[in-house]
Amino acid sequence: MSFHFADIARHAASDGAVSEAEILQLRQSGWADGRMSREEAEAVFAAQQALTNPSEAWSDFFIEAIRNFVLMGSEPRNMASEDEARWLIAQVEADGRVCSMTELELLVQIIEKAANVPLSLKDFVLSVIEQAVLTGTGPTRCGGELSDTHVSEAEARIIRRVVFGSAGHRPAGVSLVEAEMLFRVKNATLGAENVPEFKTLFVQGVGNFLMGYASPNAQLSHERAKELETFVADNKADFGRFMGAMARTTPNAFGIVFGRKSPLEPTRDEQVAEAAKVTVVEQEWLDAQIAANGEIDSYDRALLEFLAEETGEA
């Protein structure tokens, strides 16, 4: 770790401030190549948690630096390993306080921009978002404010970014745990002056979970992506060995590359159409979610009307 990073952390802990000149020095020295060591990343986190009123310049640097450290610090790039996920969670929880606004934006951007992250990090971010929406107050990094009395425009925007993020539980779609989170937030804020965008998000989110199609291959695990990168980077193999390894590593590769497909395999349109059907299990889940509140509220009615229209049963 460079002495400059250590000095910045100690300085922040002593007086709770980091100047723009010091931030510029951080960018020019310790982080000049866009990479940081874990010790340097921990020093930056320590500085963040020591600041009483972080400036916009510091917050931007912190988010960019830690996001890049988690997602770009090791191969495969744009992903996080189990170890990196555990480290990030431990850093956020280190001060024993509710996640700060800057840390909240960091977590949202990681889910929003990563190709994939471990399930433990997905679950952690979702729990932090729910807690922030229900109990948080103050200005967010993306504009607007958190409110502990209703769902604000900023909060609706943050929820949307996370549940539809590329590294979420269901990329470009909404998962069971995310749909249940939407129901909990809705039930907790009934009667409050929630922004109209939240009702739209609730209907779209739960509707997507029930009727949306998500490719099972939309996300690769960190381990699988690393395996494939190693395979592709092997420039010593001859053609025969390459094709044999390709067949072992990706069993359906030849069907994809040369256009062969099993006659029993459904087309993408057929898969989308099948996913759009609300199954008996999904209907039972929906009935239980609505019943848990003891009434069919305006959000539930809007959702049911949406589903009826989409299924042609309106």
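The values are calculated or read from the model by the stated rules, or taken from the named source; none is laboratory data. Please read these numbers as outputs of a predicted model, since none were measured by experiment. Using ideal geometry, Cβ is built from the backbone for each residue, glycine included, and neighbour counts are taken over all protein chains shown. The protein model used for the area step is the full one, side chains on, heavy atoms only, and it has no ligands, DNA or RNA in it. Shrake-Rupley method; radii C 1.70, N 1.55, O 1.52, S 1.80 Å.
When the residues of the range 168-202 are filtered to those that are of a type in the set (A, V, I, L, M, F, W, C) and surrounded by fewer than 20 Cβ atoms within 10 Å (Cβ to Cβ), the one that is farthest from Thr311 (Cα to Cα) is Ala192. Taking first residues from the range 281-295 that are surrounded by 17 or more Cβ atoms within 10 Å (Cβ to Cβ) and partners that are at pLDDT 95 or above and hydrophobic (A, V, I, L, M, F, W, C), the Cβ contacts under 7 Å between residues at least 6 apart in sequence or on separate chains come to Gln289/Phe183; Ile290/Ile296.
Where in the range 9-122 are there helices (runs of 4 or more DSSP H), lying wholly inside it, with at least 2 residues that are without any contact (Cβ under 8 Å) to a residue 24 or more places away in the chain and under 30 Å from Glu178 (Cα atoms)? Correct list: 56-72, 82-93.
Would you say Leu106 is farther than 30 Å from Ala192 by Cα and modelled with pLDDT of 95 or more? Answer is no for this residue. Within the range 152-167, the set of residues being within 20 Å of Met211 (Cα to Cα), in a helix (DSSP H, G or I) and open to solvent by 10 Å² or more (accessible area, probe 1.4 Å) comprises Arg160, Arg161. Looking across the range 296-312, the residues that are assigned to a helix (DSSP H, G or I) and open to solvent by less than 70 Å² (accessible area, probe 1.4 Å) come down to Ser298, Tyr299, Asp300, Ala302, Leu303, Leu304, Phe306, Leu307, Ala308, Thr311.
So is Phe231 at pLDDT 55 or above and in contact with a helix residue (DSSP H, G or I) (Cβ under 7 Å, 6 or more places away or on another chain) or not? No. Looking only at the range 44-72, residues that are of a type in the set (Val, Ile, Thr) and over 22 Å from Pro118 (Cα atoms) come to 2 in all.
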